[in-house]
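Working notes, beginning with the structure itself.
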Amino acid sequence: MSDSPQLLTDPFLQLPTETGVRVVWFTEFVGSRHIVTYGENLNFTAVASTIKLSHTREDERSKVGKQTGEGEIYEKIAIRDIWRHEAEVTGLTPGKRVPYRVTSVREDGESASSDVFTLAASPPAGMPLKILLTSDHQLMPMTPANLQKVAETVQRVDAVFFVGDLVNVPDRASEWFDDNRGVAFFPCLQGRANGEITKNGIKTVYTGGQLIQHAPIFPALGNHEVMGRFSMLTELRSQFSNPFPLMVSEQIYDKNAQALNPNNDPEMRRTWLKNHSFNTDTYEEIFTLPSTSPGGERYYAITLGDVRLVVPFIACVWRIPTLGENAKGKYREREQDFDKPLEWGYGQHIFEPIKKGSTQYNWLEQELNSPEFKNAKYKIVMFHHPAHTLGENIVPAFTDPVQKIERNLDGKIESISYEYPKHEDYIIRDVLPLLESAGVQLVLFGHCHLWNRFVSDSGMHFLESSNVGNSYGAFIGEARRNNIPIAYQEEYVATGDPNGLEPVVPTIAPLIDENGHLLPYIASNDITVFSIFDTATGTISSYRFDTTKGGEVIKFDEFKLKESKI
């Protein structure tokens, strides 16, 4: 312990209340004391509680420390010890911002402190807010540029609504804290990034923005916050790509319960099922979110000023769309796995049920009928999987895969395929009618790494503002989605929005293609986009920044939410 102690992150804000807010930060030492000092003269103190993150690890593919090539430091998977500290600051006056600083004291008495930032209690109704709407950062190279331009354009935001896919592999610690490419999650949102971009022979370094030190962040679970079956033998990316349907794991457990858990210990059962299906443990340990729903922190609702934010968990595992014999994909299993059910991917299976009658659906229906929701001036729902988009990831329909196994006369499996009946899309069939009838003004989602928006016949807005660092394309006109299966029962939509809405052309400065057509989307690996909700006017403005040109940020779209009539 001869070196001076360092904080692993700056502090960030969580779960504001009418008179308080949580302050959270991380270290790589357990320490003997962790505090927040706050007030005009930093003369008040709040003592933090500490937990150790249970699943954070590194492996041979981590970009951490001096490891730039595979296995240079971590030859195999290893636990990385990280401690989380959280203090609740209380006694705040609504609407008043006060300075604060965090300090961690190491076991040897040496200490490390943050810079001084500001915090506030939950804003009261009527207080104007500027809220960043973002998603799909995933250590993309332009993310620091995106967030730096947010800070330069808006200065200080009052909250961050983050619609999932915060990192790539959620149990890989360095992706959250200190990936040596300079684009980890916390550094980007705290102005400590080191994102180097070279365009047209010009190298520029972007640092991100100091956002969440001053503003609470409210994330939604995306597919990249979900780890698959747990192992200390296989590398982390493989574990991430290996979630198993909980229902199938339950069937396996029930058949072997006596051998696996002879004392019928419920905690042992829960742990076994989680380790043999999927988990969101690291995400849930990092963030402090409302936990009163049946799903705990996995789905929640909260009021912030004039906004009621509702956050369901609507995401599924991403599988490759290809149809080759070695594809463990959306539409088929690998031929080599036909006789190995434990190796099946079970298609694009859904993590948390949302169909009508499910626990989450019933919670959502109840929330939309709550006084907090009905009395809100602005009603916003955000979830990761798109409802309407020109992107690729909306195909196939968001529904449970229907498995079809074909065998020859000897009973040997010849094919295992998956269909996704479009008429059973749970978002379109079950969720959106609830939102329409409840008077939701805005549905925010991500997953496709582009900007586009839509408006329903009733006037409900849909916004995807997820192109912060790269794009996989927009599919409209002659542009067709990749690997759409042919000769399947369902007709999978190759171009346009599969759910029937026309995209809205940006209202101020749309991009123009080589034929002079106005583009209703931004899908670029050079242009980064962010959106800001100004509750004072009900206006959502979207901005773009071209990293090949530098220069100014351009506001290219703006629309206004009508105040709720319900």
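Evaluating residue 402 against the criteria (1) without any contact (Cβ under 8 Å) to a residue 60 or more places away in the chain; (2) within 25 Å of residue 375 (Cα to Cα); (3) not polar (S, T, N, Q) leaves one unmet condition, (2).
Checked against (1) at pLDDT 95 or above; (2) in contact with a strand residue (DSSP E or B) (Cβ under 7 Å, 6 or more places away or on another chain); (3) farther than 26 Å from residue 440 by Cα, residue 523 meets all criteria but (2).
The lone criterion from (1) surrounded by 17 or more Cβ atoms within 10 Å (Cβ to Cβ); (2) out of contact with any Pro (no Cβ under 9 Å at 6 or more places or on another chain) left unmet by residue 520 is number (2).
Taking the stated definitions as given, is residue 404 open to solvent by 20 Å² or more (accessible area, probe 1.4 Å) and within 20 Å of residue 496 (Cα to Cα)? Taking the combined requirement at face value, the residue does not satisfy it.
You will find that of 552, 514, 558, the residue that is more than 23 Å from residue 150 (Cα to Cα), open to solvent by 10 Å² or more (accessible area, probe 1.4 Å) and either in a loop (DSSP other than H, G, I, E, B) or of a type in the set (Asp, Glu) (or both) is 514 and no other.
Can you work out which of the residues in segment 177-204 that are closer than 16 Å to residue 141 by Cβ and among the acidic types (Asp, Glu) is most open to solvent (accessible area, probe 1.4 Å)? By that ranking, first place goes to 196.
The set of residues in segment 150-176 being open to solvent by 20 Å² or more (accessible area, probe 1.4 Å), out of contact with any Leu (no Cβ under 9 Å at 6 or more places or on another chain) and outside any loop (DSSP other than H, G, I, E, B) consists of 152, 153.
Only residues that are more than 25 Å from the chain's Cα centre (by Cα) and not charged (D, E, K, R) were counted in segment 495-505, giving 3.
Among the residues of segment 205-248 satisfying the criterion of being surrounded by fewer than 23 Cβ atoms within 10 Å (Cβ to Cβ) and hydroxyl-bearing (Ser, Thr, Tyr), which is nearest to residue 349 (Cα to Cα)? Among those residues, the one meeting the criterion is 241.
For segment 529-536, the criterion of a residue being open to solvent by 60 Å² or more (accessible area, probe 1.4 Å), in contact with a strand residue (DSSP E or B) (Cβ under 9 Å, 6 or more places away or on another chain), in a strand (DSSP E or B) and among the hydrophobic types (A, V, I, L, M, F, W, C) is satisfied by no position. Pairing residues of segment 251-270 that are farther than 25 Å from residue 341 by Cβ with residues that are surrounded by 10 or more Cβ atoms within 10 Å (Cβ to Cβ) and of a type in the set (A, V, I, L, M), at Cβ distances under 8 Å and at least 6 apart in sequence or on separate chains, gives 264/257.
Do the conditions hold for residue 91, that is, is it modelled with pLDDT under 95, in a loop (DSSP other than H, G, I, E, B) and more than 24 Å from the chain's Cα centre (by Cα)? Here the answer is no, as residue 91 does not meet what is asked. Within segment 425-446, one or more residues are exposed (fewer than 15 other Cβ atoms within 10 Å of the Cβ) and not acidic (Asp, Glu).
The values are calculated or read from the model by the stated rules, or taken from the named source; none is laboratory data. Predicted model only: the values in this text are computed from it and were never measured. As a convention, Cβ positions derive from the backbone with ideal geometry for all residues, glycine included, and neighbour counts pool all protein chains shown. Heavy atoms of the whole protein, side chains included, go into the accessibility calculation; ligands, DNA and RNA do not. Shrake-Rupley method; radii C 1.70, N 1.55, O 1.52, S 1.80 Å.
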